[in-house]
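These notes concern the structure reproduced below.
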Amino acid sequence: MANAHAHAHAAVHHEPKRYTGLMDWLTTVDHKKIGILYLIAGGFFFLIGGLEAILIRTQLMYPDQKIFVGDTFNQLTTMHGTTMIFFAAMPLLFAFMNAVVPLQIGARDVAFPFVNALGFWLFFAGGVLMNTSWFLGGAPDAGWTAYAPLSSIIDPDGKFHGVDFYVLGLQIAGIGTLIGGINFLVTIINMRAPGMTFMRMPLFTWTVFVTSILITFAFPAITVALIELMFDRLFHGAFFEASRGGNNVLWEHLFWIFGHPEVYILIMPAFGIISEVVSTFSKKRLFGYSSMVFATVLIGFLSFMVWVHHMFTTGIGAVGNSIFAIATMAIAVPTGVKIFNWLFTLWGGNIRFTVANLFATAFIPTFVMGGVTGVMLAVPAADFQYHDTYFVVAHFHYVIVGGLILSVFAGLYYWWPKMFGRMLSEGLGKVHFWLFFIGFHLTFFPQHFLGLMGLPRRYFTYMPGFGLETGNFISTIGAFLQGLGMIVFLINIIVTARKQKDAGNDPWDGFTLEWTIPSPAPEYNFKQTPLVRGLDAFWKEKMAGNKEMTPAEPIGPIHMPSPSILPFVMSLGLFISGYGFIYHHYIVSGAGLVITIISMFLRSLFDDHGWHIEPEELEEHKGGKA
Amino acid sequence: MAQTHGVAALPAEPEKATLEGKNKLLAFWTFLGAECVLFGCLFATFMALRNQVPDGPTAQELFDLKTVGWSTFLLLTSSLTSVFAIMNMHKGKHGATQLWLAVTVLLGLGFLILEIDEFTHYVHEGHKFTSSAFGTSFYTLVGCHGAHVTFGIIWITTLILQGFKKGLTVVTAPKYYVAALYWHFVDLVWVFIFTVVYLMGKVGH
Amino acid sequence: MNRLKKCMRLIPLFAVMAFLLAGCGSDKLSALQPQGPVAREQLFLMKFSLSIMVLVTIVVFAIYVWVIVRYRQRKGQENKIPKQVEGSHVLEIIWTTIPIILLLVLAVPTVYYTFKHSADHRADKNAIHVKVTGHQFWWQFEYPDFNIATAQNLVVPANKTIALELASADVSHAFWVPSLAGKVDANPGPVNVLYFQADKIDMFQGRCAELCGASHALMNFTVQSMAEADFQKWVDKMKSPVTVPADAKPGEALFKENCMACHQVSAQGLGVGPNLNGFASRPYIAGVLDNQDAAKKDDNLHKWIADPQGQKPGTKMPAFGQNFGGNLTDDQINQIVKYLHSLN
């Protein structure tokens, strides 16, 4: 730290480059603004994915409907899945990681503010690239899992490029996610405030830490899978083509070596959010903190050992299937530990049912239901029946919507004041909660039975007379209710945005460092780096009768990184290059890559000395702007 | 201001002297972890497909260990010269650092030339990217390594050019250091390629 | 209380849903109504794992309901700070060990049946052997022991082990007859195996369970189980030369001219499209249109030949109806329909 400061002081005191308006958002390297960008972009893609879901359910409301059939329907399911996983769930989590983690560990910024911005713009470029496919001849239609050789078939007319959009979009977004993960890993290891030991980190930070490790080691696998698919599609490679010795099961392995850790990448931060919200609103510190940390790490580790349970029907053989079955069941144990710890955090508490806590407590039984079907799915011989049916669809929506999305809403209602300085309406929030919660169960509970009664997933229609009508109808009504819930939430955001800033530093009587600073957080986060004296640092001070944290340093000038347009330009380069590859105009791809590489050189050649906020400015800066 | 830093002002391990430097090192180690997974998957693919040659020469008929031996010699030597560069950097000898990095780049270029020559040769013998799953996975794995070497050459060259202007400071030292780390990693991958692709291709089935 | 009341209101709703949905479904299609030993054992596994899980769920839900009711903040308690508890080693050990024991109990039948249901019966001399090949979007069935080939309708004797060997001619498919056995993928590379047995004489619904393109949802097939003697008769009939009644002769000529490039009508002919030998006795046209209802079947077949894309998007079969860009008049198609419906 001391050396860093010495260096910072050596930096030139030149006038900071500061932008306003759109340029401010395009050039920002402030993790709080990047968090908001992730939230807006992720929210936007979430609405698109949700709309696709509504269209899917509309087609399936009655048997033999002909609204969206054949490839159109496959495009809807593919885009729904891919959008929701990569362009909605991931960025929404990155929104929280950016908005909260540096504050929770008492840091002024992330380790690499520039890389942080680059990560966002790459994700956004990938998401936009992929979604433009709707207007350019058709969206990808091979499922979000894009199993070869269905995904490696090339349209003989050369008009349909759907899967190319999938391949390029995900590769660009994947680089963004990877560098984002590395950034947070380093941030959490190196940037913690004095006294913030690993075992004093808030649980959300812990889960982000484990998620970042999983991102680092899982994303390269899908990068390789996508590169191989791209080589097969664009350059006539033979990875997945049986006639030239290729093997389609290879894709499945690579995809799921990434894909299974991916679902834990998604659910881990959700666990963290629930831990924060449940403990804050029961006014109790988390029950069994150390076992929660251990369970988080263990789940992260095991998540790399179970990918074959997605492939029980591929023909791996009984030995492989059995080993992976047992490994999968093992994950239930640490997950169960978490559930019981949450319950015993609530036990004996003084529980306030704010909207954030409604979502968090609704998460618990919902996630348990998703978890038990997960154990059922781990039994290979029974999975021969469940696999690729609506039973699986129900299971993973219980885990991802009932687990992840409920906790994202809990997190939004909880941290909204810290991000925007305004409290979301509790009244509208309750309407939102009940519509969404009831709609969710109506949609997905019947799907368990639909699957067992013989309805495979990704079917655009089903025959009447086999008992599948009622379940599908109820499911569609549920989807509409969830849609209504989302509309209420949007109204809530608009209403909230129009009112005065009304959030104090600590509206919920919180435990952790983010509640010690103004809402929204000023751009330098902490005027003085806090000294952390225990787990739940702020709560500890409150219990000792202190109103504020003890500072770990005197007030002094604060070094800030300069804003830069380069992350945006680099992403734009890859975005352009992506279209070049899709349409086989390799000059365009080359030009795009050159833009990116030149930007990298510029970044390397011209050192960023940053700028300083002087002590006298600190007082004026109180509010910050959001 | 960079120029005002005398050699004596540099700490013993200038790459770790600042928080920025420490962050960079940790991030780069993590990135290399991710690269290990990337190459691991490419190796796994190659292992699965290396005997899938419905048409065209097999690995055994194709590979000539003599050329590959020279490639290996060049690349492993370049790893050694990059170590010399970092040793000199730790001693604060900027000129020697630059010189050894330049030697590293030249050796890397030599490797690349041999590799391109080798690939041209293979294509003439009918071992093409599109000819079989073996061909596709071979060129993807070895080519990906070659792309890493190319990127490394461009990167280190840029650093040398920067170095003339910026000198050796706590800002440039981490850059030298991570570039050298990267170069070691690329060499290490080559050791695996030499073993798995070439040696096993020649003798194992 | 508000929240609790609302939760209570949900209970009858779930009860109604469970009543409507649980345990039903069609005995032709539902995995919950097994019609053979493999599906029956798989249903046992489902029930067994579900029972263990329900046990866990009941405990969790009971604690859950208790805590959210009992420990809600009441009026006047806004500033009360509850007793802080760091954790409990005893509890941690309990909720780690009990799940481990439960999972070990579950693991035993899991491994047993996984091995049993993955068994390769291809060498079993008493079994009926069938080579299954998935195509976009239809199923081809070859019986190497009898030298016959058919499509879409897998005919088997009841109470006999049926040993399948599965592969694909294009993309991955999955062969699934829920009421008889779980699914296995049909891959374009190495083959997979599957076995099942039907308890009684009936017609079961099969589905493709791996996304395979535009008409994945329409890649249906049937499994028809019959008495051993009837099965033998069916085999004999499939092998005997096709006899065409006089009024179907013009249709046969048209068929030979327009359809033979893809479709065989012979004991073991294989082609780009399904072998149509014995077509009239199949339950469905192209797996999806009724082929048995006397009132509809001719119209259905006509519709299919005239405009296959309209019935099954993405199918490789070109349209033959003049209105759809083909070269056959309605009369000509009717002739072909008459011919095909004469193939018993």
Looking at segment C:310-329 only, could you name the residues that are surrounded by fewer than 17 Cβ atoms within 10 Å (Cβ to Cβ) and within 30 Å of the chain's Cα centre (by Cα)? C:Gly310, C:Lys316, C:Pro318
If we scan segment A:122-141, do we find a residue that is within 14 Å of chain C (Cβ to nearest Cβ), surrounded by 20 or more Cβ atoms within 10 Å (Cβ to Cβ) and without any contact (Cβ under 8 Å) to a residue 40 or more places away in the chain? no
Among the helices (runs of 4 or more DSSP H) lying completely within segment A:537-626, list those that include at least 2 residues that are surrounded by 15 or more Cβ atoms within 10 Å (Cβ to Cβ). A:537-543, A:566-582, A:586-605
Would you be able to say whether some residue in segment A:164-171 is assigned to a helix (DSSP H, G or I), among the hydroxyl-bearing types (Ser, Thr, Tyr) and more than 14 Å from chain B (Cβ to nearest Cβ)? yes
Name, by its number, the condition in (1) buried (at least 22 other Cβ atoms within 10 Å of the Cβ); (2) within 12 Å of another protein chain (Cβ to nearest Cβ) that does not hold for C:Glu165. (1)
Report yes if some residue within segment A:449-462 is over 28 Å from the mean Cα position of the chain (by Cα), free of Cβ contacts under 8 Å to residues at least 60 places away in the same chain and crowded, with 24+ Cβ neighbours inside 10 Å; otherwise report no. yes
So A:Thr373, is it at the interface with chain C (Cβ under 9 Å from one of its Cβ atoms), of a type in the set (Val, Ile, Thr) and within 25 Å of the chain's Cα centre (by Cα): yes
State which residue is modelled with the lowest pLDDT when the search covers only segment C:56-111 and only residues that are hydroxyl-bearing (Ser, Thr, Tyr) and assigned to a loop (DSSP other than H, G, I, E, B). C:Ser88
Note on B:Ala34: of the conditions (1) buried (at least 20 other Cβ atoms within 10 Å of the Cβ); (2) of a type in the set (Gly, Ala, Ser); (3) more than 10 Å from every other protein chain (Cβ to nearest Cβ), unmet is (3)
Looking at A:Gly471, A:Gly485, A:Gly439, can you tell me which residue is away from every other protein chain (no Cβ under 14 Å) and assigned to a helix (DSSP H, G or I)? A:Gly485
Residue ID - farthest from the other protein chains (Cβ to nearest Cβ), chosen from residues in segment C:186-207 that are under 19 Å from C:His117 (Cα atoms) and among the hydrophobic types (A, V, I, L, M, F, W, C): C:Ala198
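Matching residues to (1) surrounded by fewer than 24 Cβ atoms within 10 Å (Cβ to Cβ); (2) more than 7 Å from every other protein chain (Cβ to nearest Cβ); (3) in a helix (DSSP H, G or I); (4) at pLDDT below 95:
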site	(1), (2), (3), (4)
A:Ser322	yes, no, yes, no
A:Met329	no, no, yes, no
A:Trp342	no, yes, yes, no
A:Phe353	yes, no, no, no
A:Ala360	no, yes, yes, no
A:Phe367	no, yes, yes, no
A:His397	yes, yes, yes, no
A:Val401	yes, yes, yes, no
A:Gly411	no, yes, yes, no
Is there a residue in segment B:13-31 that is out of contact with any Gly (no Cβ under 9 Å at 6 or more places or on another chain), crowded, with 17+ Cβ neighbours inside 10 Å and at pLDDT below 90? yes
Sort out which residues of segment B:121-153 are in contact with a Phe, Trp or Tyr (Cβ under 9 Å, 6 or more places away or on another chain) and among the aliphatic types (A, V, I, L, M), and write them in order of number. B:Val123, B:Ala133, B:Leu141, B:Val142, B:Val149
Give the residue, chosen from A:Thr205, A:Thr216, that is at the interface with another protein chain (Cβ under 7 Å from one of its Cβ atoms) and part of a helix (DSSP H, G or I). A:Thr216
Being within 16 Å of A:Thr82 (Cα to Cα) and touching a residue at least 40 places away in the same chain (Cβ under 8 Å) is the filter; apply it to segment A:219-228 and report the residue that is farthest from the other protein chains (Cβ to nearest Cβ). A:Leu226
Of the candidates C:Gln292, C:Gln268, C:Gln332, the one satisfying the condition of being polar (S, T, N, Q), closer than 29 Å to C:Lys239 by Cα, surrounded by fewer than 19 Cβ atoms within 10 Å (Cβ to Cβ) and in contact (Cβ under 8 Å) with a residue 60 or more places away in the chain is C:Gln268
Does at least one position in segment A:230-246 carry a residue that is within 9 Å of chain B (Cβ to nearest Cβ), within 21 Å of A:Phe304 (Cα to Cα) and surrounded by fewer than 24 Cβ atoms within 10 Å (Cβ to Cβ)? no
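Which of the residues belonging to segment A:301-320 are among the polar types (S, T, N, Q) and facing chain C (nearest Cβ under 7 Å)?
A:Thr313, A:Thr314
The values are calculated or read from the model by the stated rules, or taken from the named source; none is laboratory data. These numbers were taken from a predicted model, which means no experiment stands behind them. Glycine also receives a Cβ, built like all others from the backbone with ideal geometry; neighbour counts cover every protein chain displayed.
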